[in-house]
Amino acid sequence: MLKIHIIDTGKSRSFPDLGEFGLSSDTNADILLVIGQDVHQAFKNISDPNAYQLILLELDGECLGIHTGESMGDEGSHVLGFARYKMGDDPATKLIELVKQPSSKAQSIEIANSFFESLGLVVAVCADTPGRIVDRLIRPYLNSVLRRLDDGLATAEDMDKTLKLGLGYPEGPLAMLQRSGLEHHAQVTESLYQALGNPGFFPARRALVAKKIKSN
């Protein structure tokens, strides 16, 4: 069984309670898990990165390349990024977005998959791009729903009801955003708009208002 060493730099989004997942730390380890708010500095301070078969860096909205560097589109090694998907104030989900680079080692990806699955999580492998998979797909859609509410297309309740019944969603998008925090949607979409320049990511008016109210 592979041994794990954990560097916890505080306030991890993915693993706020390490004990909940049965993680233990072993300094003579095969896998290094770096989590929390200061992953970059902790990664820079690793004396011998090659001492590990796999290094996993927790990401927030940033790309893995910010920590590892990039070189002519051929970057990649045994260092991978990951983010456990979380919608606003909601608890973290079971989904791990595992971030690879063009030359990431296949064996490292396999080890990472096995590690996260052993914790009862589900892994989706993605490229090192802003928004990864989930936010890249759903944020423009959520902005569109918010804008249709402003347009007076229907009431929030009727739009949520239509999408739930028509698409089989367990919860309508407007109710989900209201519950999890519209201000978080504004923060995520602002960041994606700046990174990608796609107008679909420009935060909807209601999200910006919620962010302003929260900051007052």
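Every number here is computed from the coordinates shown, using simple stated rules; none is lab data. The model shown is predicted, which means the values in this text are computed figures rather than measured ones. Here the Cβ is made from the backbone with ideal geometry for all residues, glycine too, and neighbour counts use every protein chain on show.
Brief remarks follow.
- Folded to 0 to 90 degrees: helix 156-167 orientation relative to the chain principal axis, Cα: 60 degrees
- Theoretical gain in end-to-end length, Arg13 to Leu95 [0.36 nm per residue, Cα-Cα removed]: 28.3 nm
- Degrees, to the nearest 10: 106-118 long Cα axis against longest axis of the chain: 70 degrees
- Once both labels are positioned 7 Å from their Cα atoms along Cα-to-Cβ, the gap between Arg179 and Arg205 label points is 2.7 nm.
- Taking the number of Cβ atoms within 10 Å of each Cβ as an exposure proxy, the fewest-first ranking of Thr155, Thr189 is Thr155, Thr189.
- Least to most buried among Phe15, Phe115 (fewest other Cβ within 10 Å first): Phe15, Phe115
- Cα gyration tensor, the range 4-127 - rounded (a/c under 1.5), prolate or oblate: rounded
- Cα-projected label distance for Asp151 with Asn113, points at 7 Å along beta-carbon direction, nm: 4.1 nm
- Ordered by the count of other Cβ atoms within 10 Å of each Cβ, fewest first, Asp17, Asp8 give Asp17, Asp8.
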